[in-house]
Amino acid sequence: MKLHLLDRSSISNSSFTTKVNEYPYFLKIWHYHPELELVVILKSEGTCFIGDSIEKFEVNDVVLIGKNLPHMWLNDENYFDQNSNQSAKAIAIHFKQDYLGKDFFETPEMIHLLELFERARFGLKFLNISKKLIGDVQNMLELKGFDKTVSFLHILNKLAKHTQTKRLASQGFVNSFKSTESDTQNKVQAYIFKNFNKDINLEEAANIAHMNTSAFSRYFKRVNRKTFSRYVTEIRIGYACKLLIENKFNIAAICYESGFKNISNFNRQFKIIMNCTPSEYLKSYKIKASII
């Protein structure tokens with residue numbers, strides 16, 4: 001799974017681009033771009049990979065992705081069935097941080113939007129978004145010029161003031177991706193995301209980075225602020241949490257689907273990272289879901 005840089009330069013005489021993407025399933029492209037991206041899911045569900053986070057996505061999810069933050073939207077397996085009649089649909093808005101001018105968002109009246117863009121460096125998921133705000137995004141697509149620009153500012157203003165949010169990617173991932181000048185880290189990340197729930201090992205990752213294992217271990221810990229094994233384990237546990245929430249497999253099956261070899265190690269690692277057992281996590285999620 002190669003990391004792609006997508007060129008989304010506007011050719012529509014507009015300072016930002018808006019598009020409704022509708023396909024049988026979202027394109028499986030691990031990519032990044034210099035624009036921020038606001039995504040509103042209108043149809044379908046699956047898994048979103050944003051930085052080193054793995055999250056379940058579903059209808060009415062709203063996510064703001066910072067500039068140059070790698071991401072991918074992957075629909076559930078049933079969307080890829082040859083006879084599937086399902087489809088995936090989302091609104092995607094791309095804009096540069098200075099799309100209204102270099103100093104526009106540094107004015108006192110707009111500084112809270114600049115702070116929103118800064119928070120989006122890690123990927124920002126907005127929880128319990130109202131249907132009205134989603135409707136505002138849909139209505140904006142029909143506008144042009146000044147009216148469209150003002151409408152988008154109103155939407156960003158509401159998102160900046162929304163208090164229920166979840167940060168997605170880790171500090172270590174964002175720092176390492178930002179600081180690397182070669183594609184070594186990109187290739188290693190792609191290898192991890194492609195193989196985290198299969199056989200994956202330090203030696204193969206080191207070969208991809210053209211380093212011996214000792215040098216690679218030092219390099220990986222320096223840029224990611226955690227060991228290679230810990231990083232992979234966190235990705236696997238994140239995926240396990242997603243599977244638990246979907247409630248399609250029992251805990252034993254989720255253990256193997258997530259890349260673990262035995263249930264005892266899965267339970268032990270899950271508790272280390274999540275501070276609870278898989279069954280406790282699922283019970284807690286069900287309680288929260290019933291309240292919402």
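The values are calculated or read from the model by the stated rules, or taken from the named source; none is laboratory data. Quick caveat: nothing in here was measured; it's all calculated off a predicted structure. Positions of Cβ are backbone-derived with ideal geometry, glycine not excepted, and every protein chain shown enters the neighbour counts.
Residues that are out of contact with any Leu (no Cβ under 7 Å at 6 or more places or on another chain), modelled with pLDDT under 90 and either in a helix (DSSP H, G or I) or among the β-branched types (Val, Ile, Thr) (or both): does region 244-264 have at least one? Within region 244-264, one or more residues are out of contact with any Leu (no Cβ under 7 Å at 6 or more places or on another chain), modelled with pLDDT under 90 and either in a helix (DSSP H, G or I) or among the β-branched types (Val, Ile, Thr) (or both). For region 193-214, the tally of residues that are without any contact (Cβ under 8 Å) to a residue 60 or more places away in the chain, within 17 Å of Asp183 (Cα to Cα), part of a helix (DSSP H, G or I) and not polar (S, T, N, Q) stands at 4. The sole residue among Phe173, Phe117 that is assigned to a helix (DSSP H, G or I), buried (at least 17 other Cβ atoms within 10 Å of the Cβ) and touching an Asp or Glu at 6+ places or on another chain (Cβ under 9 Å) is Phe173. For Ser182, are the conditions met, namely being out of contact with any helix residue (DSSP H, G or I) (no Cβ under 8 Å at 6 or more places or on another chain) and modelled with pLDDT under 90? Yes. Of the set (1) at negative phi; (2) modelled with pLDDT under 90, all apply to Arg225 but (1). The sole residue among Phe95, Phe152, Phe105 that is surrounded by 12 or more Cβ atoms within 10 Å (Cβ to Cβ), more than 21 Å from Ser53 (Cβ to Cβ), of a type in the set (Phe, Trp, Tyr) and touching a strand residue (DSSP E or B) at 6+ places or on another chain (Cβ under 6 Å) is Phe95.
Inside region 215-241, residues that are buried (at least 18 other Cβ atoms within 10 Å of the Cβ), more than 15 Å from Lys198 (Cα to Cα) and among the basic types (Lys, Arg) make up a count of 0.
Within the bounds of region 257-275, is there any residue that is in contact with an Asp or Glu (Cβ under 7 Å, 6 or more places away or on another chain) and surrounded by 18 or more Cβ atoms within 10 Å (Cβ to Cβ)? The answer is no; no qualifying residue exists. All of (1) more than 20 Å from the chain's Cα centre (by Cα); (2) outside any loop (DSSP other than H, G, I, E, B) hold for Arg230 with one exception: (1).
The residue list Val40, Val63, Val59 contains one member that is at pLDDT 90 or above and either in a loop (DSSP other than H, G, I, E, B) or charged (D, E, K, R) (or both), which is Val59. Candidates in region 278-292 are the residues that are surrounded by 15 or more Cβ atoms within 10 Å (Cβ to Cβ) and of a type outside the set (A, V, I, L, M, F, W, C); of these, the one that is modelled with the highest pLDDT is Pro278.
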